[in-house]
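Below is one structure, written out as structure tokens, with a few remarks after it.
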Amino acid sequence: MKIIKAADYNEMSKKAAAIIASQITLKPDSVLGLATGSSPVGLYKNLVQWYNEGLLDFSQIKTVNLDEYHGLDHTNEQSYFYFMQDNLFSHVNINMENVNLPDGTAEDGDKECARYNAVIQSMGGVDLQLLGLGHDGHIGFNEPGPIFTKGVQRAKLAETTIQANKRFFESEDQVPRYAFSMGIGNIMAAKKILVIVSGAEKAKILKEVLTGDITPEVPGSILQYHPDVTFVCDADALSLME
Ligand code: GLP
């Protein structure tokens, strides 16, 4: 496990974007596992900037997103599809046929989990999976619980996650209670994993993830077992690690 310390959010974003940029440069047809939330916004801005400067080509890149709220369609500004369009896809030369997210409008949850799991399997392995870290240690929407999930699941959001994510919605009531998410098994199958963590409010959970027991009660702790994981964190997030 590598831990790269950045001074602040902007430096974290740039260092992490550079890792993704080098992946794209070294393997132009990479499969990228992508994440949403506030953590990767700056990272995507850097990728878009470097694309505009002619440094990156997304034409052969394939993507699979980690998760999507169940109940939100593509036009909903809080859907992760909308987020990805807004922050990355609409700004670069990616082929939208190569972009994959769970379908938030699916009526049959089990069927959608099976479909998305098959999509992930069909890509022949994720070359680089980007992750943020939830306030309760979740990765994707794999919330603390009794087991490490294997495949794509329809997850019930933990109360802490509803509270953390309500800032993006007009009211708490509007936060969907369920989301489709890659399972821990899907995430751990990625060849490389890049985790970005920012802010003092994540310092305690980050320390648990990096140094604590490996337990499904802290889902991100499983990353200690991954053979090629890099954490890029700002100084505030790492403040309890000194
Ligand atoms: C969300 C998402 C995760 C994200 C995490 C952290 O609920 N499901 O994929 O990484 O929580 O979000 P943020 O970066 O906004 O703190």
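Each reported figure results from applying straightforward, stated rules to the coordinates on display, with no laboratory input. For clarity, every value in this text was computed on a predicted model and none was experimentally measured. We place every Cβ from the backbone using ideal geometry, glycine too, and count neighbours over all the protein chains shown.
The table below lists the values:
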quantity: Fluctuation leader among Lys111, Lys207, Lys62 - the chain, Gaussian network, Cα springs under 10 angstrom; calculated: Lys111
quantity: Rg to Rh, two decimals, where the chain supplies the alpha carbon set and Rh follows Kirkwood; calculated: 0.93
quantity: Test item: Cα-centred dipole of segment 133-232, Lys/Arg +1 and Asp/Glu -1 on Cβ, debye; calculated: 300
quantity: Most mobile listed residue (Lys45, Lys27, Lys192) in the chain, GNM with C-alpha springs under 10 Å; calculated: Lys27
quantity: Those GluC sites (Glu not before Pro) in segment 1-105 that DSSP places in a loop and that have at most 16 other beta carbons within 10 Å; calculated: Glu53, Glu77
quantity: Volume per residue of the C-alpha convex hull in segment 120-191, rounded to whole Å³; calculated: 98
quantity: Cut-off under 5 Å, modelled amide H: who pairs with Val64 long-range; calculated: Leu32, Gly33, Leu34, Asn100
quantity: Largest to smallest principal axis extent of the C-alpha atoms in segment 1-100, angstrom; calculated: 37, 29, 27
quantity: Percent antiparallel among DSSP beta bridges (both partners in the chain, rounded to 5); calculated: 25
quantity: Kyte-Doolittle at least -1.0, axis length at least 18 Å by Cα - qualifying DSSP helices, the chain; calculated: 9-26, 109-122
quantity: Highest-fluctuation residue, Ile162, Ile20, Ile205 considered, GNM on the chain with Cα pairs under 10 Å; calculated: Ile162
